[in-house]
Amino acid sequence: MPVQQFEDLEVWKDARRLTQTIYRVTKVGKFSKDFALRDQIQRATISIMSNIAEGFERGGNPEFIQFLYIAKASCGEVRSQLYVALDQTYVSGHEFDQITNSYKRLSSMISNLITYLRQSSMKGEKFKKPE
């Protein structure tokens with residue numbers, strides 16, 4: 001079944017799940033009181049799913065790829081912020097490993113989608129010739 005909307009993309013679904021994970025982790029304990037880090041990591045994880053959606057809605061592969069690179073960069077930002085959370089003991093080592101590995105997997109999925117889009121002969125809805 002072809003992808004009709006961004007909600008059909010597995011990469012967006014994973015980004016959404018990981019956003020839920022970050023919100024769950026940041027709403028308890030000391031993490032919930034570190035407003036700067038909490039807000040920044042929440043913004044970064046929201047950026048991932050938002051950029052995937054926005055890029056898809058642009059209707060062209062070149063723009064989609066550009067937004068996917070931004071989403072991929074935000075994956076790195078979240079992982080970096082998770083190190084701060086680990087160092088401050090806001091998350092356990094086990095929790096850190098699980099979440100970080102999930103973001104690495106998501107980053108890889110985004111890279112794979114970028115590669116696919118670059119190799120695709122279809123350039124997106126906005127580049128279709130009128131019939």
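The values are calculated or read from the model by the stated rules, or taken from the named source; none is laboratory data. All values derive from a computational prediction rather than experimental measurement. Here Cβ is always computed from backbone atoms with ideal geometry, including for glycine, and neighbour counts include all displayed protein chains.
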Legend entry - Contacts under 6 angstrom Cβ, first residue in the stretch 101-116 being without any contact (Cβ under 8 Å) to a residue 60 or more places away in the chain, partner part of a helix (DSSP H, G or I) and surrounded by 13 or more Cβ atoms within 10 Å (Cβ to Cβ), 6 or more apart: S107/K72; S107/C75; I114/I65; I114/L68
Legend entry - Check on G76, under 30 Å from K123 (Cα atoms) and in contact (Cβ under 8 Å) with a residue 40 or more places away in the chain: no
Legend entry - Cβ-Cβ under 6 Å pairs, at least 6 apart or on other chains, the stretch 53-67 side within 16 Å of R16 (Cβ to Cβ) and at pLDDT 95 or above, far side assigned to a helix (DSSP H, G or I) and of a type in the set (A, V, I, L, M): G55/L68
Inset, instruction - Please work out which residue is farthest from the chain's Cα centre (by Cα), limiting yourself to the stretch 23-56 and to residues that are surrounded by 15 or more Cβ atoms within 10 Å (Cβ to Cβ) and among the aromatic types (F, W, Y). - result: F31
Inset, instruction - State whether one or more residues within the stretch 25-37 are within 20 Å of S80 (Cβ to Cβ), in a helix (DSSP H, G or I), of a type in the set (F, W, Y) and touching a residue at least 60 places away in the same chain (Cβ under 8 Å). - result: yes
